[in-house]
Each structure stands twice: as C-alpha cells, then as structure tokens.
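A quick write-up on the structure given underneath.
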Amino acid sequence: MRCYNNYSTSFLLSIMLMLLLASSVATLSSFCQTESCGSIKIPYPFGVQEGCYVNEWYKIECRNGTFPFLFKMGLEVVKIYFLNEREGFYSSSSYGSIRIKSSITSIGCSRDGKNSGSVLNLTDSPFFIDNGNSLVAVGCNGKASLTNIEPIKVGCELNCTASKERLPSKSIPFFDDDWCSSNPFCTKNKGEEERRCDGNGCCEETVEGFQDQRVIGVSVESVDQGNSTLGNCRVAFLTDEVYTLSNATKPEKFFSRGYGC
C-alpha cells in the first residue's frame, strides 16, 4: 500500500496483487488507451468500456464516474501499474500490480459488541498475493494471524506493557551514521515514533510464499482473559505500507474509517 495524497484522508487498506497479462500481444485503440475513472488511469488489460478489457476479470466498473471497482470481485481499486510497459503495447510476459481497498478485521471496537473479519477470495481469478505484503495489527493485548493457510502459521502479538524507554535501540553497530541517515531500515538514534511496529502497540509479520494461496483471511483475538469489550479495540489487516510506532498505535482511527493507511 502507498498513501498518496489523493487517498490519505480515506485511510485505505491496499493489498498489492500481482497479475499476469492473459493476452499474447495487444495493440489498443486510442479510445482504450485514454480510459480512466476519476483520477485513476485504467490501462489494458483492464478497461471500462466494452472491448477495452481482455475478459470480465479485468472489467472495471466506474461508480459515480469516480470510484473504480473490479466488476467480478466488487473490490475498489486504488492504483494499477505495469512493468515492461510501453506506449499502447503490452506483452504477455509483462507483470504489474493492482492495489485494492479491503476491510480491516477488528475486535472490541464496535459499540454493538460485534467483531468483524475479512477474507480475500481469489479463486479462479488471474490475481495472486505479492510477497511485498505484511500482516499488521494495532492495539494492545491481542494476537493477529492469517487464516485459511493451514498448516502454515503466520501471526504477530500485541503487547502494551513494555516500557518504551527500555526497548532496545535496534541499532546496527557496524554501519556508520551516514549509512543510517539514508537507510529507512536502520533505527540507530531514531526516536520511538520512527521505529517500525515491534509489538508494543502495533506488530507486523511479513507475508511471503502465498502466491498459490487462493483464499486468505485475517483474524485478531484477545489475549487478556477473553475481554474484547469496547475500550480495548484491536484491528488487523494486510498491507504493503510501512508502519511505525507513530502512525499505527490508535486502532480506533483505523476502525472508524474501515481501512488501513
């Protein structure tokens, strides 16, 4: 997920899916080359008008002339782009990405006491989950995990009892300050607000090796004696965005918007 200015107020959860072009080689009409929905460009093999998409998996429904949705899956599209792309000409060996909105999973956030879950079903579709995604959870005293992937287990735990002052610096002693100042993965001399989620208020776990997984879900549960009442909100979601202790410690904000960004 990338939080572009156009979408930052929406709090998106974007799942990066890789796609393989289904056609061998396609030369497009000028009409199809200029397709868009709102501010989002719709390149082939996707399309809005009849004849501009390769099949219905790539058909885009442009709602209210502004919001693009995958017609067969009902998922809102945030961005589409390709590698090895040339003007008006696309090869079947080209790969690209489509970022979509997806609902978060929550527990203890709703006033009516109901919990929410999310499952992404890619069965029979040309899409698969990219290795660039991570499972991210926000809140305290909870555990997030991927579902429908048994017997593999992927998850992370939330713990808000640790003192931030006592957390390790995570510095890498054999790299100098100049390297650290230009590399986002070095946390030497960084404040807590700049560090990636480490379990103290937010946690993350890399999602890799699931390209063949057609159904994948996200669950979050309480680890404080089953107490999931309002006031102890936890959320979890899949994303390719980098989260830190400064932008992912308030689960109520994620829940109120319905998306992570």
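Things to note:
- Subset of region 117-140 [surrounded by 15 or more Cβ atoms within 10 Å (Cβ to Cβ), under 18 Å from S103 (Cβ atoms) and not small (G, A, S)]: L120, L122, F127, I129, N133, L135, V136, V138
- Residue in region 96-114 that is modelled with pLDDT under 85 and within 20 Å of P45 (Cβ to Cβ) present: yes
The values are calculated or read from the model by the stated rules, or taken from the named source; none is laboratory data. Not measured: the values here are computed from a predicted model. Cβ sites come from the backbone with ideal geometry, for glycine too, and all protein chains shown count toward neighbours.
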